[in-house]
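> To start, I am sharing the structure in question, which I have written as structure tokens.
Rule-based calculations on the coordinates, nothing more; no lab input. What you see is a predicted model; the values in this text were computed from it and never measured. Glycine gets a Cβ as well: all are built from the backbone with ideal geometry, and neighbour counts include every protein chain shown.
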Amino acid sequence: IAVSAPKGLMVPVIRNAESMSFDQIEKEIIRLATKARDGKLSIEEMTGGTFTITNGGIFGSMLSTPIINAPQSAILGMHNIVQRPMAVNGEVKILPIMYVALSYDHRIIDGRESVSFLVRVKELLEDPTRLLLGV
């Protein structure tokens with residue numbers, strides 16, 4: 001995860017996230033973000049990551065292209081949620097919209113898989129119950 005800290009951007013690593021519950025991940029994010037802001041992260045807590053998630057939206061970012069934190073394989077940038085006009089079934093509706101951007105190392109990740117990943121992220125953000133139910 002990317003954390004804005006007084007001494008600059010810090011990128012602590014959540015280890016074994018794939019085997020954690022949402023509650024455990026949330027607690028680990030809070031723990032690591034607090035340590036990052038307090039300047040108390042260890043080297044071990046900042047090395048070994050493979051994928052970063054950053055949220056410029058908390059600072060009002062509408063869209064950007066995040067840069068991969070080497071030697072990681074990719075970074076997902078999330079941006080602020082704003083009300084925008086969207087066409088839905090032939091009608092214009094005002095809906096909450098958030099742009100996301102994925103930067104990835106094409107030597108490791110094929111473009112088709114990265115687009116499939118983004119589509120899945122979109123589906124899950126639009127209907128979070130799918131994520132919670134594993135659908």
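> Report the number of Lys pairs in the range 3-133 whose alpha-carbons are under 18 Å apart, with separation of 8 or more residues or on distinct chains.
4
> Could you work out how far helix 22-37 tilts from the main Cα principal axis of the chain, as a 0 to 90 degree angle to the nearest 10?
Helix 22-37 and the main axis of the chain meet at about 60 degrees.
> Also, I was wondering about something else. If neighbour count is taken as other Cβ atoms inside 10 Å, put V88, V13 in order from fewest to most.
V88, V13
> Give me the one-decimal nm value for the distance between modelled label points at R107 and L9, 7 Å along each residue's Cα-to-Cβ direction.
For the pair R107/L9, the computed spacing is 2.0 nm.
> A follow-up question, please. So what is the relative contact order for the range 32-135, in percent, with contacts set as C-alpha pairs under 8 Å and at least six apart?
20 percent
> Give, rounded to the nearest 20 debye, the magnitude of the charge dipole that the range 60-135 has about its Cα centre when Lys and Arg contribute +1 at Cβ and Asp and Glu contribute -1 at Cβ.
80 debye
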